[in-house]
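The numbers here are math on the coordinates, done by the rules we state, and not lab data. Because the structure is predicted, anything quoted here is derived from the model rather than measured. Using ideal geometry, Cβ is built from the backbone for each residue, glycine included, and neighbour counts are taken over all protein chains shown.
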Amino acid sequence: MAKGYLVGCDIGTGGTKSVVMDLDGKVLGTHYVEYPLIASRPGWAEHHPDTYWNAVAQTIKKSLEASKISPSDVLGVGLSAMSPACILVDRELNPLQLSHFWMDRRGTAECGQIARILGEDAVFERSGNPIDSYYATVKLLWEKNNRPELYDKAYKMLTAKDYPLMKLTGKCVTDYSNASLIGIAFDIVNKRWDEQMLKEIGLSADKLPDAYPCDEVVGHVTRDAAALTGLMEGTPVVAGTVDCNAAWVSTGVLNNGDNSITLGTAGVWGAIHDKPTFAKNMITIVHAADSKTKYSTVGALVCAGALIRYFRDTFGQVEVDAANRLNISPYDIMNLEAEKVPPGSDGMLVLPYFMGERTPMWDPLARGVIFGASLYHTRGHYIRSFMEGVAYGIKQNVDIAKRSGTQVNPLVTMVEGGANSRLWRQIMADVLGVPTQHVKNSLGAPVGDAIVAGVGVGAFGSYDIVNDWISVSEQHKPDLNNSQLYDRMYGLFAGLYPKLKDDFAQLAEITGFK
């Protein structure tokens, strides 16, 4: 293989990670920076946009230093991010407000406004997606309705990937994957904005960034960005993608029926297909691999790893202190506690809707529920029941996709932070009733970003090259007895939300926390 290197960077909800990779798929340097989210009101979730850029610059610089390569040998850069997000920038490319990202649920009234004007069916037909405050078009409409002076001043709306891309290149553009999650008026088949739909809901198409194929070179590193990142001025940068698609590229989830679970802050399951047929109440994203022709049908939980981090930060001081003494991760200790608890968590069942929920109910007012708790239950029960609740939520989405005709192969690949838990991988196998596999030493989305960049700059002939590098560390087959128990628990899980839906709405009305 010819000499050369690629840089990939993923901007996550809780942190950013970069890698430097050679053309044989070997990661030579990596760095991660963690940061908090801003939750100034219930249902709101924000970051400062420069949090993204500072983390991107720092992690790329540290990764380059760790790799000990010459920046002049970097062939290309690819970015991904959790998506969507709404960041307004003025004509001088300065941010006008905090980034309200996918977890933020403030746009409920705007969803009703869009539904009345356009209708749910018209939006689904055009975008392959529903109307929800998750989508960035809804967030942009919220800005117009609530902060019209900022909307009027805004030159472009950018996502959490687009903003650091702008800082790298000076270009305000997006990619087909992120455009899918800007949603509502994005023509997902023809890959363009429906200007008439935007006009009908009172938005200007000029404020949305032009969309490009994920692996197209859209700009080059500027002199200012080079000084901050350690990259060479003029290094090509591709349009990029969203985090889950990048993670799936890194593990060879490329073709019809391939499916994977990404357990980051959110829990995301997706299956790949090349036919433009979409499932209602699910998310449709243009896939990063061959973004002109392929799609992913996606089920997405708002909270997955976020629940385990929440437990660590709120109740897990014991685990944190012990981990510091032993020089290990507090998550390793939490896993050991959960492993002592039997399947089904001795009757404890969690609805993981701690920040509302996306697929399949699209309810920003839903809230977390711990059902069946007693004085018998220990810290380990809470940890395991969080894991099981996420698995039930994933199963609900897989079942809906299958019923819609989506091909789902009987093997699921697991990646990202939560997938490092052997226990959580086995729980997924048992709940879904199919084998799971974990890719050994996978760094997930940043590696996928580097591969997308490699295809874009011509270093790789196709995405299939990743199949030469994948090393599966472990497979988990479903345990029949556990699966039978989980099927019964899942029946309870699926029945709880319909019973509580009106109560969630009443709670929001009483408290004013919507």
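Points to keep in mind about this one:
- For the chain, the antiparallel share of DSSP beta bridges with both residues in that region comes to about 70%.
- Dipole of the chain, positive end: most advanced residue of Tyr155, Leu118, Ile394 [Cβ charges, Cα centre]: Ile394
- Counting beta carbons within 10 Å around each of Ile465, Ile470, Ile182 and listing the fewest first gives the order Ile470, Ile465, Ile182.
- Low-density loop positions, GluC sites (Glu not before Pro), the range 72-140 - DSSP coil, at most 12 other Cβ in 10 Å: Glu92
- Amide H to amide H distances under 5 Å link Ala160 with Ala85, where only residues 5 or more positions off or on other chains count and H is placed in the peptide plane.
- Within the chain, the longest run free of chymotrypsin sites (Phe, Trp or Tyr not before Pro) that sit in a DSSP loop with at most 14 other Cβ atoms within 10 Å is 1-375.
- Loop sites in the range 51-96: trypsin sites (Lys or Arg not before Pro), DSSP, at most 14 other Cβ within 10 Å: Lys68, Arg91
- Fewest-first ranking of Asp503, Asp346, using other Cβ atoms within 10 Å as the exposure measure: Asp503, Asp346
- Projected-area mean, the chain, by convex hull of Cα positions, square nanometres: 22.2 nm²
- At R0 = 22 Å, FRET efficiency that the Cβ-Cβ distance of Asp346 and Val318 yields, to 0.05: 0.60
- The trypsin sites (Lys or Arg not before Pro) of the range 312-399 that meet both conditions, a loop assignment by DSSP and at most 16 other Cβ atoms within 10 Å of the site Cβ, are Lys340.
- Simple Cβ-charge dipole of the range 99-199, Lys/Arg +1 and Asp/Glu -1, about Cα centre, in debye nearest 20: 380 debye
- Residue exposure sequence - Cys303, Cys9, Cys86 - by fewest surrounding Cβ within 10 Å: Cys303, Cys86, Cys9
- In order through the range 101-110: 3J(HN,Hα) via Karplus (6.51 cos²θ - 1.76 cosθ + 1.60), integer Hz, x for Gly, Pro: 10, 3, 6, 6, 10, 6, x, 4, 5, 5
- Here the contact order of the chain, divided by its residue count and restricted to Cα pairs under 8 Å and six or more residues apart, works out to 16 percent.
- 222 nm mean residue ellipticity, helices alone, for the chain (DSSP H n ≥ 4; -39,500 (n - 2.57); rounded to 500): -12000 deg cm²/dmol
- Rounded to 5, percent antiparallel among DSSP beta bridges of the range 172-284: 75 percent
- Under Karplus coefficients 6.51, -1.76 and 1.60, residue-wise ³J(HN,Hα) of the range 71-82 in Hz, glycine/proline x: x, 5, 8, 6, 8, x, 10, x, 10, 9, 7, 4
- Prolate/oblate/rounded label for the range 181-321 (Cα gyration tensor, a/c 1.5): oblate
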